[in-house]
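See structure below.
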Amino acid sequence: MHDYPYTITISSEKGGVGKTTLATNLAIYLKAMREDLPVTLFSFDNHFTIDKMFELQKREADVPDVHALLMGAKAGDVVQTGQYGVGYIRSSSELGDIHERFKGPMTLTRMLAESGISGIVIIDTRPDLNILTQNALYAADRVLIPVKDLPSLDNCKNIFALFDQRGIDKKSLAVIPCLVDSRIKFDGIFRDQKTLLRAIAVNRGYRCMDTFISKSPKVESLNTNPDGKIYPILTHARGTEVHSQFMEITRDILRGVDAATETRACLYHTWLLEKEAGKKKSYLARLEGLADRCLICGAPLSEQADDRSFYFETSDRSARGFLHGGCVSSMLCSALYSLKETDPTFAAARSLVTDRITRTVSLLKPQIDSGISRLDYRQFNMSGEQQQQKTLEIPGFAEGEFNGVHDRLFLLLNEALAGFEGALRKESWLSLYPVDPANPEAVLHEESYKIIQRMQKLFAEAARLPDQP
């Protein structure tokens, strides 16, 4: 059975609002209230509070950290069992090079879905909305946004805007007033900080948690002591308001965990599997209908399987398949330079042609006008830029005559483009793509074939253009 975590992200662009205190203590409360539930915690910030709070022994240099996880290390190799039974991943100050890897917004979701981590994952983020924070937000089943004042509440709009831009349901987002000083009172209906912050949040359309976290000198002292340790609220702040508030927050989270039938990681992984299945189905469909022989020499491709160096496809996709590399090189050498194989310069010209066609895509469009047969031949790079264009006279094509120069070309054009009673299909053309002879079918894989589809659209436009001088 595949394990998918329920992910909680703690996020705010404002520093000093209690993100890490919330993340670390929530992990401990969750583990205490449901001992058999795996809880894993890691941070994208570089203050190492998580390490100081949970490590059982002094940090060793070669122990993998969150950087290793984000670079693709297996979760089982990076998750450490820490104090209070909480699993944690060591922090890293070297996450700058990760941003290139995380260009996609759902990269972390995929990693968590495939990590094998179960239970609850809590992610503590940096006070900004960089690509790692965005990934943590999109991966979350619950996002807790701590706010302590109006500036931190104003910053919430950026997180909500991100979800709007991506079309993601904002039900997972919840504002939670933190570090609320109960001594501060106001006149009127907004009688204290908690009520004021909650009222403004609701007025702006933000969902707000029912509970809050008070400002507490006792809790603040847990991070500063002669031992240099960080103590949890659960064990060292019993009897405080904050202790009971964390109990209520934890119960709320567990109700959400119990109600979740499929976590975000599970849903995303299911979508990925369906997408991969669709890609496989499309790939198998593209394999069907391929010519079983080289249309130039007529030999079965199975007899020279290691020389399938080009993929061809006609404008209407009615003919598709692979061609022998030697056949294509000789055909274009003869056509472009009007050479026969017996000519002394044929080998040198063929070498030149081979070098060019293995780096470009060729477009071949035959034209018969007033009894005169021509071939519009063009070469393009993989970016779609035209590199060469040449109009070739191909006498005898319409009559089916061979002259020792254009024989291979005539065979390919007739085999690929001939329609009813041997006449060419109207406005038809074909293109030749170089492929890896060791794995020619790879050109039909989803990502590679997208390039072909893009190039075919470009060729359709190019084929409509008049001949260039």
**Report entry** Subset of segment 156-193 (residues that are farther than 23 Å from I253 by Cβ, assigned to a loop (DSSP other than H, G, I, E, B) and over 35 Å from the mean Cα position of the chain (by Cα))
**Finding:** D181, S182, R183, I184, F186, D187, G188, I189, F190, R191
Report summary line: Only unsatisfied item for L153, checking (1) outside any helix (DSSP H, G or I); (2) in contact with a strand residue (DSSP E or B) (Cβ under 6 Å, 6 or more places away or on another chain), is (1)
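Could you pull out the residue among E274, E288, E220 that is acidic (D, E), out of contact with any Cys (no Cβ under 8 Å at 6 or more places or on another chain) and closer than 30 Å to R408 by Cβ? Give the derivation first.
Numbers: E274 fails: closer than 30 Å to R408 by Cβ; E220 fails: closer than 30 Å to R408 by Cβ.
None of the others qualify; the one that does is E288.
Being more than 22 Å from T49 (Cβ to Cβ), of a type in the set (A, V, I, L, M, F, W, C) and either buried (at least 23 other Cβ atoms within 10 Å of the Cβ) or in contact (Cβ under 8 Å) with a residue 12 or more places away in the chain (or both) narrows it down to one residue among I117, I131; which is it? Outline the logic, then answer.
Numbers: I117 fails: more than 22 Å from T49 (Cβ to Cβ).
After ruling out the rest, the residue left standing is I131.
Restricting to segment 160-177, name every residue that is buried (at least 22 other Cβ atoms within 10 Å of the Cβ) and in contact with a helix residue (DSSP H, G or I) (Cβ under 7 Å, 6 or more places away or on another chain).
Residues of segment 160-177 buried (at least 22 other Cβ atoms within 10 Å of the Cβ): 173, 175-177.
Those that are buried (at least 22 other Cβ atoms within 10 Å of the Cβ) and in contact with a helix residue (DSSP H, G or I) (Cβ under 7 Å, 6 or more places away or on another chain): L173, V175, P177.
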Report summary line: Those residues of segment 376-397 which are more than 27 Å from K450 (Cα to Cα) and buried (at least 16 other Cβ atoms within 10 Å of the Cβ) amount to L392, I394, F397
Requested in this report: Output the residues belonging to segment 240-288 that are in contact with a helix residue (DSSP H, G or I) (Cβ under 9 Å, 6 or more places away or on another chain), surrounded by fewer than 19 Cβ atoms within 10 Å (Cβ to Cβ), of a type outside the set (V, I, T) and closer than 30 Å to P217 by Cβ.
Outcome: M247, R251, L254
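Check L323, L409, L352 and return the single one that is crowded, with 20+ Cβ neighbours inside 10 Å and farther than 24 Å from N439 by Cβ. Show your work before the answer.
Working: L323 fails: farther than 24 Å from N439 by Cβ; L352 fails: crowded, with 20+ Cβ neighbours inside 10 Å.
That would be L409, the only listed residue that is crowded, with 20+ Cβ neighbours inside 10 Å and farther than 24 Å from N439 by Cβ.
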Query raised in the report: Is it the case that A335 is out of contact with any Cys (no Cβ under 6 Å at 6 or more places or on another chain), in contact (Cβ under 8 Å) with a residue 24 or more places away in the chain and more than 20 Å from W429 (Cα to Cα)?
Result: no
**Report entry** Any hit, segment 309-317, residues being surrounded by fewer than 23 Cβ atoms within 10 Å (Cβ to Cβ), basic (K, R) and touching a residue at least 24 places away in the same chain (Cβ under 8 Å)
**Finding:** no
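Keeping to segment 391-433, report how many residues are β-branched (V, I, T) and part of a strand (DSSP E or B).
The first filter runs over segment 391-433 and keeps only residues β-branched (V, I, T), leaving 391, 394, 405.
Now drop any that are not part of a strand (DSSP E or B), which leaves 391.
Going through segment 391-433 one residue at a time, the tally reaches 1.
Which is among the β-branched types (V, I, T) and farther than 17 Å from G289 by Cβ, of V405, V443?
On the way: V443 fails: farther than 17 Å from G289 by Cβ.
On inspection, the qualifying residue turns out to be V405.
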Query raised in the report: Could you count how many residues in segment 196-210 are in contact with a Leu (Cβ under 8 Å, 6 or more places away or on another chain) and in a helix (DSSP H, G or I)?
Result: 3
Report task. Report the residue count in segment 367-381 for those that are touching a residue at least 12 places away in the same chain (Cβ under 8 Å) and out of contact with any Ser or Thr (no Cβ under 8 Å at 6 or more places or on another chain). Result -> 4
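Read-outs: derived from the displayed coordinates by stated rules, not from any lab. Just so we're clear, the structure is a prediction, and the values are computed from it rather than from any experiment. Virtual Cβ from ideal backbone geometry, glycine too; neighbours counted across all protein chains shown.
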